[in-house]
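S.K.: Before I ask anything, let me first share the structure, which is written out below as structure tokens.
The values are calculated or read from the model by the stated rules, or taken from the named source; none is laboratory data. Predicted, not measured: the structure shown is a model, and the values here were computed from it. Positions of Cβ are generated from backbone atoms using ideal geometry, with glycine treated the same way; all protein chains shown enter the neighbour counts. We work out accessible area using only protein heavy atoms, side chains counted, and drop any ligands, DNA or RNA first. Shrake-Rupley method; radii C 1.70, N 1.55, O 1.52, S 1.80 Å.
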Amino acid sequence: MMRSPDSLNLEAIRAQFPILHRQIDGKPLVYLDNAATTQKPVAVIQAITDFYTQCNANVHRGAHQLADEATRRFEQARDTVASFIHAANRNEVIWTSGTTEAINIVAHGMAQRLQPRDEVLVTEMEHHANLVTWQQACLRSGASLKIVPIDDNGALNTEAFSRLLTERTRMVALPHVSNALGTINPIKALTAEAKAKGALVLIDGAQGIAHGAVDVIDIGADFYVFSGHKLFGPTGVGVLWGKAEVLHNWPVWQTGGEMIAEVSYQTATWGELPNRLEAGTPNIAGAIGLAAAIDWFQQLDIKAVQAHERALLAHATKLGQAFAGLQMVGTAPDKIGVFSFLLQGCHPADIGFILDRQGIAIRTGSHCAQPLMQRLGLPGTARASFSVYNTLDEVDALFLALHKTQQMLA
């Protein structure tokens, strides 16, 4: 029986996701790898199909009806994203291939501005995309990379953050939600503290965007980045949001078509936002698919979605605490969506393999956070991660399968 808040009809929601009706080795699919990517509702699949079957054309350039229709849908998608994250200006929404490219655009520009005495702050819980990118920017510029520690529960040490933040801090880059631990960081308060020191702030929203409303003006950061595929949208599309006053003269990331104003054989000048940071043919279908995903998501009761996901995590936590030989990893007081764990005597890869034979999809390994695993003294973890279409019964199925796994590997 599916248990959920009264305003969420889980059966109706799940019916919109064709892949959830699959079987794996004759077992019903229990998909618990949502931190890696979410599944796609019919509305998103249909929007992409409609684009390719009704108005496939390049945008902004054509002199025919298909191009006009494609451009209109593409730019309407930008409006949808801007409204969703409460951007002040639609031109602050820059299309990227995902969170990683969005961070690279910012870091590429920042590396040209950093000086040897400057500092960049990141945290011990970073995904590689928000660690290696800034590491390399500092290596190129001679700036120093400072690491804000976490405690043993996986919560950010905010006192250490305050100590490490100095007048030389030029950039603070931190995750909204940890992909490996589920920790929710107090990004609004940390942003205000960083801005008071004159630093720019980037929030990696890859894991935060699908768990509730994001208001970039309220957060106060200079940049907020996320991927479409973690928000029920397609892969290969993402968003760099940045304040217009910051982005308008940001160093260009790529050069080529669409982003220029004028070109001669000797020189070139760049266009205005958002074009100047969107070189080449964009992922038109991806942007349209992401807009459809946002439209679908916004039809839900977001507070009920958050309550449901917290109930899933609470249920997993309760079962985990009662499970002999199971070690939970990441127990910060404020977290969402992620249940990372180890089983005594069982390698995470073996856990994942055996669960898969029972139809249960989880993630194992370092979760693109090797330094975090080193900090915790772990080789990696098994990670179940939840989304709106998951049920309490699926959490029960996970733990039933873990008991079988423990018996097999004992």
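S.K.: For region 50-156, take the alpha-carbon Rg, divide it by the Kirkwood Rh, and send me Rg/Rh.
M.R.: Result for region 50-156 is an Rg/Rh of 1.15.
S.K.: What angle, in degrees between 0 and 90 and rounded to the nearest 10, separates the Cα long axis of helix 132-141 from the longest principal axis of the Cα atoms of the chain?
M.R.: 40 degrees
S.K.: Moving to a separate point now. What part of the accessible area of region 46-298, given as a whole %, is carbon or sulfur when the probe is 1.4 angstrom?
M.R.: Carbon plus sulfur share of accessible area: 49 percent.
S.K.: To the nearest 10 degrees, how steeply does helix 99-111 sit against the main Cα axis of the chain, on a 0 to 90 scale?
M.R.: Helix 99-111 and the main axis of the chain meet at about 50 degrees.
S.K.: With every protein chain left in place, what is the accessible area per residue of the chain in square angstrom, probe 1.4 Å?
M.R.: So the chain comes to 42 Å² accessible per residue, rounded to a whole number.
S.K.: Please sort 363-371, 103-111 by packing, taking for each peptide the average over its residues of neighbouring beta carbons within 10 angstrom, highest first.
M.R.: On the way: 363-371: 19.1, 103-111: 22.8.
Result, highest mean first: 103-111, 363-371.
S.K.: Relative to the longest principal axis of the C-alpha atoms of the chain, give the angle of the C-alpha long axis of helix 65-84, reported between 0 and 90° and rounded to the nearest 10°.
M.R.: The answer is roughly 60 degrees.
S.K.: Sticking with this one: Going highest first, how would you order 215-222, 122-129, 236-243 by mean Cβ packing within 10 Å? Walk me through the numbers before you get to the answer.
M.R.: On the way: 215-222: 18.4, 122-129: 23.5, 236-243: 25.0.
Order by mean packing, descending: 236-243, 122-129, 215-222.
S.K.: Another question about this same structure. Please report the relative contact order for the chain, taking Cα pairs under 8 Å with a sequence separation of at least 6, and give it as a percent rounded to a whole number.
M.R.: Once normalised by length, the contact order is 23 percent.
S.K.: What nm distance separates the two modelled labels at A57 and K404, each placed 7 Å from Cα along Cα→Cβ?
M.R.: Taking the simple label geometry, A57 and K404 are separated by 5.4 nm.
S.K.: Starting from the residue with the highest accessible area, list R14, R163 in decreasing order, probe 1.4 Å.
M.R.: The most accessible residue leads, giving R163, R14.
S.K.: Can you pull the one-decimal nm distance between simple spin-label points at A268 and K197, each 7 Å off the Cα toward Cβ?
M.R.: Inter-label distance under the simple model: 3.7 nm.
S.K.: So what's the back-of-envelope 222 nm ellipticity for the chain, counting only DSSP H runs of four-plus at -39500 (n - 2.57) apiece and dividing by all residues, rounded to 500?
M.R.: -11500 deg cm²/dmol
S.K.: If you work out Cα Rg over 2.2 N^0.38 Å from the coordinates, which of (1) 1.02; (2) 0.97; (3) 1.07 do you get?
M.R.: (1)
S.K.: In what order, largest first, do S385, S162 sit by accessible area if the probe radius is 1.4 Å?
M.R.: Final ranking, largest accessible area leading: S162, S385.
S.K.: Pull out a ≥ b ≥ c, the square roots of the eigenvalues of the alpha-carbon gyration tensor of region 317-399, then state rounded if a/c is under 1.5, prolate if not and a/b is larger than b/c, and oblate in the remaining case.
M.R.: Here region 317-399 falls in the rounded category.
S.K.: Still on this model: Sorting check: for 265-272, 177-184, 18-25, which peptide has the highest mean count of neighbouring beta carbons within 10 Å, and how do the rest follow?
M.R.: Sorting 265-272, 177-184, 18-25 by mean packing, highest first, produces 177-184, 18-25, 265-272.
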